[in-house]
Amino acid sequence: MNDFKQLLHKYGQKLKSLWEAGKIQRTSRISYDVFWNVILFFIIVGVIGFFFAGGIGAGYFASLVKDEPVRTYASMEKDIYNYEETSQLYFAENKYIGNIRSDIHREEIDLKDVSETLINAVIATEDRNFEEHHGVVPKAIIRAVVQEATNAPIKTGGSTLTQQLIKNQILTNEVSFERKAKEILLALRLERFFDKDQILEAYLNIIPYGRDASGQNIAGIQTAAQGIFGIDAKDVNLPQAAYLAGLPQSPSYYTPFVNSGGLKSKEGLQPGINRMKTVLERMYEAEYITKKEYEKARNYDIAADFTEETESPLEKYPYLTVEVEKRAKEIISEKLAKEDGYTLEDLKNDKKLNEEYMILADRDLRQNGYKIHSTIDKKTYDAFQKIAKDYKYYGRDINGEPVQVAGMLIENKTGKIISFVGGRGYDIKDWNYATQAVRPNGSTMKPLLTYAPAFEKGVAQPGTVLPDIKTYYGNGYSPSNYTGNFHGLVSARKALAESFNVPAIYLYNKFKSQDAVSEFLEPMGITSLGEDEYAHLSLGIGGTETGITIEENVNAFTTFANKGKFIDAYMIDKITTKDGDIIYEHESDPVKVFSPQTSYLTLDVLRDVIKYGTATYLQSQMKYPGVDWASKTGTSSDWHDSWFVGINPNVTLGTWIGYDTPKSLKDDSYPLSYSQRNQKIWAQLVNKATEINPELMAPNSKFKRPDGLVTRSYCAISGMLPSDLCKKAGLVTTDLFNAKYVPTKTDDSLIEGTYVMVDGKAVIAGPNTPNEFTKGDGLTFNPEFLKRNGYDRLSDITKLFPSTNRSAWEKISVPSSDIGGAIKDDGKSPGAPTSLSASGNKLTWKKSGSKDVVGYRIYRAAKPGASFSAAGSTTNTSFSIPDGNAVYIVKAVDYFGLESGASKEVKIGDFSKKADKPKQDKPENEKPKKPDKPDKPDSEKTDKPEDNGNDDSA
């Protein structure tokens, strides 16, 4: 301690001497001067920077609002108070539906009729400085800008009630500095024109408040009070006022009601209740209420005051109202854009511009009280919804997910959408499967992109012969049919009617290109496909990666009924003002896609789908026979989607079923197949619609056949004009052709010749082949024809044989040089047959081991040791014999006429005593035969049993 005192005394004396010498004063003065100069420098720089930044900011602000017009009092008044009426929906024939479902229902109220408590709650929550500011609060704006620039996790916002009114009534909800700058400018101007009560009244009438008990969107404080608590805005108590004042921050989150109407769960109500408590706290902080009032209101059971669920007329038609509203907004947005000098192309190419005009259109519909007239027939639509709801054959739910359904009925000549099915219930999933769902359309793509384009280009006609055989394309792609089987050479008609995939791919491969999509699909309104889908061969059978909508698919099929002209389907007939002035009326603009000849040919082929093709099930389901229906089934990969589209001269109806999350519809244990389930509901829809409107649904007239079509015969092997040999083969058939594309060349698929079966294959007979084993009418396939079509590469030419009239095909032989190579003569006799035995009146044996055997000769002796004579021949390994004692042997005969050694002997009957020699053993007219090539004995002609010589088919 003493040392510390001494040290302190020492330094104290030193400091004293420095002070007396003046050194501390001089140093302090210098430091002070330096410090002050530095501070002064930064002040000057700061002031200069402030004015510089202010100048830049002012310039930037001016650039953002340069396009904003100087609004007059009248124009601002019109915009601010433009919230009087919502738009109304109508069925066809002016039948009222109700207000647009997504529109905000609003009932206007004067400020004097709003509870002061409610007004205080709104001001305390949204704008505590409302009475003092002039439209904006600078520090709030700066705070919001800083939070935005620093990406602060919690943003307090900077908008006054005046700014919110501007944003909702004049500008859009777009988030941008430009919109914010205009909002500030207009808010300042609004405060110059209107007093605080006018601004507050307008705000309370336009602000959204979520949903009412029926699930309808609501706006305006009076509508909110009525819709949520069932009382007027002037009668709300403190907790009710706080609850209402808290809703605008996030109406859908805080509203006590679900989208479909009715209360949320207890957990779902809690956010709104918590928000109410926040509003009460702010009211207490702003001294609008006392501590006692605050505590009492916090503990108030607000949930007990919520109104009970009420039925809305719109709940009956959710699919319809949402769809019509969406289409009406698109129409209005295009109208508004056009008035501002923009084109439809501008909206398509500029997403931001399109969004802006969709917002403006939505506001227009909410404010202008339009009457929107749809094309939907009320009776038919009601019936369709009931059928979809009550249908019992959709199939099984998988993991709780039901099979969904969609359908659409379109009038061909106008494009009017008469009715549709959007799903099994809007409460299951808020999604319209008829207009929004995009799914692969399977084989319903075949007429649209493969067959009709092929008919149009002359690549094929209904009678064109197409191969349904195993085929490989690039990258190892080898299509298969839905049954897993192949069908040989078939006509384009049969291939489409029975929906074979392989011939369709073969045909599409002949002309596929990007042009096929742009030339045919896009002009028919199919625009949902991906940009590079045309490159895949599978597109020709509907194997798309993205898919198309049900509306697109059904609408495209109407093209065939309209003689090749596509008429875009529509649901909005006209839109009028509340005074009846028409602001929009639909006008059709037909687009030529196919010729009338191509359209009729396609329809004629599609008639066969119900007659004998993939929809024969419908024959038992249709209540109104005699209607000229053309149709097409479709199934996507792995049975995920089932489609059916039917066309008659007046209307086109298409249906689809599938799971929302794609899963297989195939269920072998279910009473109906996936396709039958879809066809059945299609039939029910058609039957009911016909009952309601028979003239529309069941026309007496047929599709009218245009000029330029002719009936021509052709050879079923090649599709060419029939040759004499094709006629001889019995393979001539007839079909319709566009006169421009009838066959001009004569068939060359056949040449004359007979054949034998060698090792299971039909081979043209050689010069030394015994006649007794040959078959056919002397016809064989022309090697040049087979090579030209690539059929020479087949290991088995019978794969070309169709099931239809197959027996005629089996009589045609195949050139040996084109099937497995030429049969070479090795100069050796074939091996003898083995295991000869007898059972009753039949001999059987095992075939010779030689590969060039064409048949077998049977020899008979009257008794053991006697000489053998010819008893018959066959290409089988069995032979029927007559009654009586005898000894038999069998020899094999090859392609070159050489005979094998004898098989072992087999004895028939009892040889213990001498038996009479049968007369037929040596007929009187029997002639000597060469030992290596005996002729057929007379006994074969007279006594030959029925099954003797029955050959295996080729």
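The values are calculated or read from the model by the stated rules, or taken from the named source; none is laboratory data. In this text, all values refer to a predicted model and were calculated from it rather than measured experimentally. In this analysis, Cβ positions are derived from the backbone assuming ideal geometry, glycine residues included, and neighbour counts consider all displayed protein chains.
Six or more apart or on different chains, Cβ under 6 Å: which pairs go from a residue in the stretch 361-377 that's assigned to a helix (DSSP H, G or I) to one that's among the acidic types (Asp, Glu)? Could you list them?
Here the result reads ARG366/ASP103, each pair linking the stretch 361-377 to a residue that is among the acidic types (Asp, Glu).
Could you go through the stretch 508-517 and let me know if any residue there is hydroxyl-bearing (Ser, Thr, Tyr), within 18 Å of LYS470 (Cβ to Cβ), out of contact with any Leu (no Cβ under 7 Å at 6 or more places or on another chain) and modelled with pLDDT of 90 or more.
The first filter runs over the stretch 508-517 and keeps only residues hydroxyl-bearing (Ser, Thr, Tyr), leaving 508, 513.
Pick out the ones that are also within 18 Å of LYS470 (Cβ to Cβ) and you get 508.
Restricting the remaining residues to those that are out of contact with any Leu (no Cβ under 7 Å at 6 or more places or on another chain) gives none.
Within the stretch 508-517, none of the residues are hydroxyl-bearing (Ser, Thr, Tyr), within 18 Å of LYS470 (Cβ to Cβ), out of contact with any Leu (no Cβ under 7 Å at 6 or more places or on another chain) and modelled with pLDDT of 90 or more.
Does the stretch 381-388 contain any residue that is closer than 17 Å to TYR570 by Cα and not in a loop (DSSP other than H, G, I, E, B)? Reasoning before the result, please.
Step one: list which residues in the stretch 381-388 are closer than 17 Å to TYR570 by Cα, which gives 381.
Subset that is not in a loop (DSSP other than H, G, I, E, B): 381.
Within the stretch 381-388, one or more residues are closer than 17 Å to TYR570 by Cα and not in a loop (DSSP other than H, G, I, E, B).
Quick one: which residue in TYR342, TYR426, TYR370, TYR357 is of a type in the set (Ser, Thr, Tyr) and within 23 Å of the chain's Cα centre (by Cα)?
Numbers: TYR342 fails: within 23 Å of the chain's Cα centre (by Cα); TYR370 fails: within 23 Å of the chain's Cα centre (by Cα); TYR357 fails: within 23 Å of the chain's Cα centre (by Cα).
Being of a type in the set (Ser, Thr, Tyr) and within 23 Å of the chain's Cα centre (by Cα) holds for just one of TYR342, TYR426, TYR370, TYR357, which is TYR426.
Does the stretch 408-466 hold any residues that are within 30 Å of THR733 (Cβ to Cβ), of a type in the set (Lys, Arg) and surrounded by fewer than 22 Cβ atoms within 10 Å (Cβ to Cβ), and which are they? Before the answer, list the steps.
Taking the stretch 408-466 and keeping what is within 30 Å of THR733 (Cβ to Cβ), we get 442-466.
So of that shortlist, the ones also of a type in the set (Lys, Arg) come out as 446, 457.
If the condition is that a residue be within 30 Å of THR733 (Cβ to Cβ), of a type in the set (Lys, Arg) and surrounded by fewer than 22 Cβ atoms within 10 Å (Cβ to Cβ), then LYS457 is the only one that fits.
Please find, within the stretch 349-360, the residue that is surrounded by the most Cβ atoms within 10 Å (Cβ to Cβ) out of those that are touching a residue at least 60 places away in the same chain (Cβ under 8 Å) and hydrophobic (A, V, I, L, M, F, W, C).
Out of the qualifying residues, it is LEU360.
Please list, ordered by residue number, the strands (runs of 3 or more DSSP E) wholly in the stretch 726-775 having 1 or more residues that are charged (D, E, K, R), closer than 21 Å to TYR791 by Cα and in contact with a helix residue (DSSP H, G or I) (Cβ under 9 Å, 6 or more places away or on another chain).
Details: elements: 732-738, 750-752, 755-758, 761-764.
Result: 750-752, 761-764.
Which one of these does TYR856 not meet: (1) surrounded by 15 or more Cβ atoms within 10 Å (Cβ to Cβ); (2) part of a strand (DSSP E or B); (3) touching a residue at least 60 places away in the same chain (Cβ under 8 Å)?
Among (1) surrounded by 15 or more Cβ atoms within 10 Å (Cβ to Cβ); (2) part of a strand (DSSP E or B); (3) touching a residue at least 60 places away in the same chain (Cβ under 8 Å), the lone unmet condition for TYR856 is (3).
Yes/no matrix, rows are residues, columns are (1) surrounded by 14 or more Cβ atoms within 10 Å (Cβ to Cβ); (2) more than 22 Å from PRO722 (Cα to Cα):
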{"position": "VAL756", "(1), (2)": "yes, yes"}
{"position": "ILE764", "(1), (2)": "yes, yes"}
{"position": "PHE773", "(1), (2)": "yes, yes"}
{"position": "GLY778", "(1), (2)": "yes, no"}
{"position": "LYS787", "(1), (2)": "no, no"}
{"position": "ILE797", "(1), (2)": "yes, no"}
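Can you tell which of GLY422, GLY395, GLY407 is in contact with a helix residue (DSSP H, G or I) (Cβ under 8 Å, 6 or more places away or on another chain), under 24 Å from LYS666 (Cα atoms) and outside the structural domain of LEU672 (by TED's automatic domain parsing)? It would help to see each step written out before you state the result.
Working: GLY422 fails: outside the structural domain of LEU672 (by TED's automatic domain parsing); GLY407 fails: outside the structural domain of LEU672 (by TED's automatic domain parsing).
It is GLY395.
Please enumerate the residues belonging to the stretch 370-419 that are out of contact with any strand residue (DSSP E or B) (no Cβ under 6 Å at 6 or more places or on another chain) and of a type in the set (Phe, Trp, Tyr).
Result: TYR391, TYR393.
Just checking, how many residues over the stretch 286-295 are free of Cβ contacts under 8 Å to residues at least 40 places away in the same chain and not in a loop (DSSP other than H, G, I, E, B)? Give the derivation first.
Let us first name the residues in the stretch 286-295 that are free of Cβ contacts under 8 Å to residues at least 40 places away in the same chain, namely 287, 290-292, 294-295.
Among the residues that remain, those that are also not in a loop (DSSP other than H, G, I, E, B) are: 291-292, 294-295.
Looking only at that region, the number is 4.
Read through the list (1) touching a Phe, Trp or Tyr at 6+ places or on another chain (Cβ under 8 Å); (2) of a type in the set (Phe, Trp, Tyr); (3) within 30 Å of GLY474 (Cα to Cα), then give the number of the only condition that TYR506 fails.
With (1) touching a Phe, Trp or Tyr at 6+ places or on another chain (Cβ under 8 Å); (2) of a type in the set (Phe, Trp, Tyr); (3) within 30 Å of GLY474 (Cα to Cα) applied to TYR506, the lone miss is (1).
Does the stretch 304-326 contain any residue that is more than 30 Å from VAL421 (Cα to Cα), in a helix (DSSP H, G or I), touching a residue at least 40 places away in the same chain (Cβ under 8 Å) and more than 29 Å from the chain's Cα centre (by Cα)?
yes
Can you say whether SER873 is in contact with a helix residue (DSSP H, G or I) (Cβ under 7 Å, 6 or more places away or on another chain) and at pLDDT below 95, as far as the supplied structure shows?
Values: in contact with a helix residue (DSSP H, G or I) (Cβ under 7 Å, 6 or more places away or on another chain): yes; at pLDDT below 95: no.
Here the answer is no, as SER873 does not meet what is asked.
Does the stretch 513-561 hold any residues that are buried (at least 20 other Cβ atoms within 10 Å of the Cβ), more than 13 Å from the chain's Cα centre (by Cα) and not in a helix (DSSP H, G or I), and which are they?
The one that is buried (at least 20 other Cβ atoms within 10 Å of the Cβ), more than 13 Å from the chain's Cα centre (by Cα) and not in a helix (DSSP H, G or I): GLY525.
With the condition being farther than 27 Å from TYR300 by Cα and modelled with pLDDT under 90, I'd like the helices (runs of 4 or more DSSP H) fully within the stretch 141-260 carrying at least 1 qualifying residues. Quick ask: steps written out before the conclusion?
Numbers: elements: 161-169, 177-193, 196-206, 221-224, 238-246, 251-254.
Qualifying helices (runs of 4 or more DSSP H): 161-169, 177-193, 196-206.
Got at least one residue in the stretch 698-705 being under 30 Å from PRO440 (Cα atoms) and either at pLDDT below 95 or in a helix (DSSP H, G or I) (or both)?
No, the stretch 698-705 contains no residue that is under 30 Å from PRO440 (Cα atoms) and either at pLDDT below 95 or in a helix (DSSP H, G or I) (or both).
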